[in-house]
1. Would you say residue 444 is closer than 30 Å to residue 92 by Cα, at pLDDT 95 or above, within 16 Å of the ligand (Cβ to nearest atom) and surrounded by fewer than 22 Cβ atoms within 10 Å (Cβ to Cβ)?
2. With under 20 Å from residue 664 (Cβ atoms), away from the ligand (no atom under 16 Å from the Cβ) and either among the acidic types (Asp, Glu) or crowded, with 17+ Cβ neighbours inside 10 Å (or both) as the only criterion, which of 458, 519 stands out?
3. Restricting to the stretch 494-510, count the residues that are surrounded by fewer than 24 Cβ atoms within 10 Å (Cβ to Cβ) and within 16 Å of the ligand (Cβ to nearest atom).
4. I want to confirm something. Restricting to the stretch 430-441 and keeping residues that are on the phi < 0 side of the Ramachandran plot and not aliphatic (A, V, I, L, M), which single residue is nearest to the ligand (Cβ to nearest atom)?
5. Pick from 647, 643: which is over 20 Å from residue 511 (Cα atoms), among the small types (Gly, Ala, Ser) and open to solvent by 30 Å² or more (accessible area, probe 1.4 Å)?
6. Any chance the stretch 32-55 includes a residue that's over 28 Å from the mean Cα position of the chain (by Cα) and not in a helix (DSSP H, G or I)?
7. Among the residues in the stretch 278-286, are any closer than 21 Å to residue 513 by Cβ, among the charged types (D, E, K, R) and buried (at least 17 other Cβ atoms within 10 Å of the Cβ)?
8. Hey, among the residues in the stretch 470-492 that are open to solvent by 50 Å² or more (accessible area, probe 1.4 Å) and modelled with pLDDT of 90 or more, which one's nearest to the ligand (Cβ to nearest atom)?
Amino acid sequence: MKQDNAKTGVKHAMNPLLLQDEHPAFADIRPEHVAPAIEQLLEQADAALERAVGPEVALDYDALSAVLDVAVEALNHAWGQVSHLQSVMDTPELRQAQAEMLPKVIDFSTRLGADERLYAKYKALAADPTASQLSPARAKALSNALRDFVLGGAELQGTARERYAAIQDRCGTLSQQFGDHVLDATDQFSLLVSAADLDGVPDDVQQAALEAAEGARLDSGEPAYKLTLKAPCYFPVMQYASQRALRERMFRAHHSRASELGPAALDNSALMQELMQLRQEEARLLGYTSYAQVSLAAKMAPSAEAVLQFVRDLAQRARPSALKDLQTLQSFAAAELGLTELQYWDHAYASEKLKQQRYSFSSQEVKQYFTEPRVLQGLFELIGRLFGVSIREEKAPVWHPDARYYRVWRKPDAADGGDKPVAALYLDLHARSGKQQGAWMGETRCRWRRPEGSLQLPVAHLVCNFPAPVGGKPATLTHDEVITLFHEFGHGLHHMLTQVDELAVAGIAGVEGDAVELPSQFMENFCWEWEVLQGLTAHVDSGEALPRALFDRMLAGRHFQSGLHLLRHCMFALFDMRLHAEPAAANRIQALAQEAWTEVQPLPMPDFLRFPHTFTHLFDGGYGAGYYGYAWAEVLSADAYAAFEEAGVYDAATGARFRREILEVGGSRPALESFRAFRGRDPQIDAMLRHQGLV
Ligand code: ZN
């Protein structure tokens, strides 16, 4: 089809979302292309599903894949382009076109994931004598598919099946309401104060509060400033407002949102209880004793007990450092700020003052050294040395003049001849309107040995929101932004350097949820290496590399209060896992919060604190029984990085081993096996503690 179009020159007459060219026609896609293309691909995918489950498609991996995977991948590929464009170049028309198709796309993927006939066919395939001849990657893809069918309720019959569907439905509604309540409770609070009340608060925050008050006046006749609990207002007030009573009032309001201490209509108490009861019931229907087991079925951590032990151990190790952090803060606040009995609403304020006094360096000054072209050049060189690839810019259609396209070449092994392409990459670094906040790596295309035999290479897009260049000078990045870039490149390398040919387990696909951040967090470490920073920095005016004295000051502040931060994290993780592992937890959520706090935190919990009521990760975000995953992956990434610290940051043999055992194998085998193959042993916590400054 591709060749025919090229020959006859009618390429542009065709809907660009239906092209299967190497480069998606990003520049040609218009909102009016969305509905016809997606409708057509949905129809084809539906027809493929019907064919695949019927007798004409043999009980054979390739035969099934040629019919079903090809059609589903075409749909996902086109839909991926639409979603991507909506994230980076949003317009009302495109948003509407996407919103129109979204329910249909979701409906298809739900039906696909719960199709009993397809499940039966996969089961028969797995039970067939020929299954023993499947490649390990295929066997893994098949067992993942069967697992997901079971977790999706495919084994259930009759009333159990109906009940399962009803639970899914109700949980979706409850989660949505939970999130809405948090938003509404946050929005509902406001406080009018005077300019004097805002002593210490940064000017831009004050200005925004003045504008938010829309000319309102206080009883005294002074202009009013409107404070809210939204992040851009709440956090600066807690950090900078010198008025203790104001901080207390804001703190109390913030930490009792969406609870029985506020308006009854926004109280999440009953919602949480019902949600937890339903999750528990769902687990029992699926044959598990707790929802924690359901969540852990597709994760690296073996059991709830193992997670609890991990979290408690981590808390114990962080405790001495946290106590020291706390003591330092208390004596600083007493001596320098006159705050003798440090209260919770003083912590952020006193910490900010302490940090300024001890570790002050201007992030503005640091930023001048991280010029974007130099950072990219240094990053590409590092990746080249470690993983034996080179990244070179090429021309390809893009969605915005800012976006750039690169091809990734594998350097030849001795007798291999010239470089060969292994992947491609789009970079879109600068903030602009119509672009979603944050930074992410997305899969434009996945590596796949297609059923007809051709090899499809992986393509990634890396999207950030860094400042664009101004005044003819190169753009400059803060150190945090450089870390973000390295993080996303870690995900990108995982996706692009995979050598697995099986779509469902190539790259990031199929990797356990609590291990998927290994390569990304791993890459962040290089941003703290003096040797690496030399190659990453060139002052925007002088071209000089980062001076050592400035780097030392950055290093000194790196672990500021990391013990306290880690304890807080452990407290949330402990609460989450107990909540989802203990059978009666639904009826004692606040009590459980109190217990987790008391077990981990050095100071008692304030009686008005209701953190479960706004814990959207757990009740509205898919992290139920998974919150520990951040710390879990951090252990893996720190321990993996320690291999480089031992052998030398640029050690090529260690880099090649990381590429081979972690990046290339993707989800084709359990993450623990990959880790062992790279490190020669099980993961150890020591490197993480050292990196966090705890030992
Ligand atoms: Zn990440």
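1. It is false that residue 444 is closer than 30 Å to residue 92 by Cα, at pLDDT 95 or above, within 16 Å of the ligand (Cβ to nearest atom) and surrounded by fewer than 22 Cβ atoms within 10 Å (Cβ to Cβ).
2. Of the residues listed, the single one that is under 20 Å from residue 664 (Cβ atoms), away from the ligand (no atom under 16 Å from the Cβ) and either among the acidic types (Asp, Glu) or crowded, with 17+ Cβ neighbours inside 10 Å (or both) is 458.
3. 2
4. Of everything passing the filter in the stretch 430-441, 440 is nearest to the ligand (Cβ to nearest atom).
5. The unique qualifying residue is 647.
6. Yes, that holds for at least one residue.
7. Yes, some residue in the stretch 278-286 is closer than 21 Å to residue 513 by Cβ, among the charged types (D, E, K, R) and buried (at least 17 other Cβ atoms within 10 Å of the Cβ).
8. 480
The values are calculated or read from the model by the stated rules, or taken from the named source; none is laboratory data. What you see is a predicted model; the values in this text were computed from it and never measured. Ideal geometry is used to build each Cβ from the backbone, glycine not excepted, and the neighbour counts take in all protein chains shown. The accessibility values were calculated without ligands, DNA or RNA, using every heavy atom of the protein model including side chains. Shrake-Rupley method; radii C 1.70, N 1.55, O 1.52, S 1.80 Å.
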